[in-house]
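Following: one structure in structure tokens, then a few remarks.
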Amino acid sequence: MKGRFTPKVVTANDLRLGDVVYLTPDDRWSRLHREAELITDEAAAELRLHFAAAQKLTVVGVCLADARPGPDGPEPVHFREAFRARGPSNYPHGKQADLT
């Protein structure tokens, strides 16, 4: 028996820069998790995943990641995704440098 569907975001890595990116509702790739499209329907999630996977010249490693609604947009549910959303661990590069 299949479990209940939990909200998801589509995530991948930028092919050229390697950054973690998220698919937005207007079909852009954003480095910010909070700008991701929060998908609450399983069929819609599969369609968005296929749309993203077809962008082979832009992104690699396309997958769905659990997320939840937050005050500023979707938030990661699991530690791994929270870590990916923060950016590289070799501060002050990437997303973490943008926060300073």
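Here are some notes:
- Which numbered condition R16 fails, given (1) at pLDDT below 95; (2) part of a strand (DSSP E or B): (2)
- Taken over the range 64-82, the residue count meeting the criterion of being surrounded by 13 or more Cβ atoms within 10 Å (Cβ to Cβ) and of a type outside the set (V, I, T) is 9.
- Hits in the range 19-35 (condition: surrounded by 19 or more Cβ atoms within 10 Å (Cβ to Cβ) and either more than 11 Å from the chain's Cα centre (by Cα) or assigned to a strand (DSSP E or B) (or both)): V20, V21, Y22, L23, W29
Each row is one residue, and each column tells you yes or no for (1) farther than 17 Å from L17 by Cβ; (2) at pLDDT 95 or above; (3) hydroxyl-bearing (S, T, Y); (4) assigned to a loop (DSSP other than H, G, I, E, B).
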site	(1), (2), (3), (4)
F51	yes, yes, no, no
Q55	no, yes, no, yes
D66	yes, yes, no, no
A85	no, no, no, no
N90	no, no, no, yes
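- Residue in the range 36-49 that is nearest to P25 (Cα to Cα), counting only those that are of a type in the set (D, E, K, R) and in a loop (DSSP other than H, G, I, E, B): E37
The values are calculated or read from the model by the stated rules, or taken from the named source; none is laboratory data. Not measured: the values here are computed from a predicted model. Ideal geometry is used to build each Cβ from the backbone, glycine not excepted, and the neighbour counts take in all protein chains shown.
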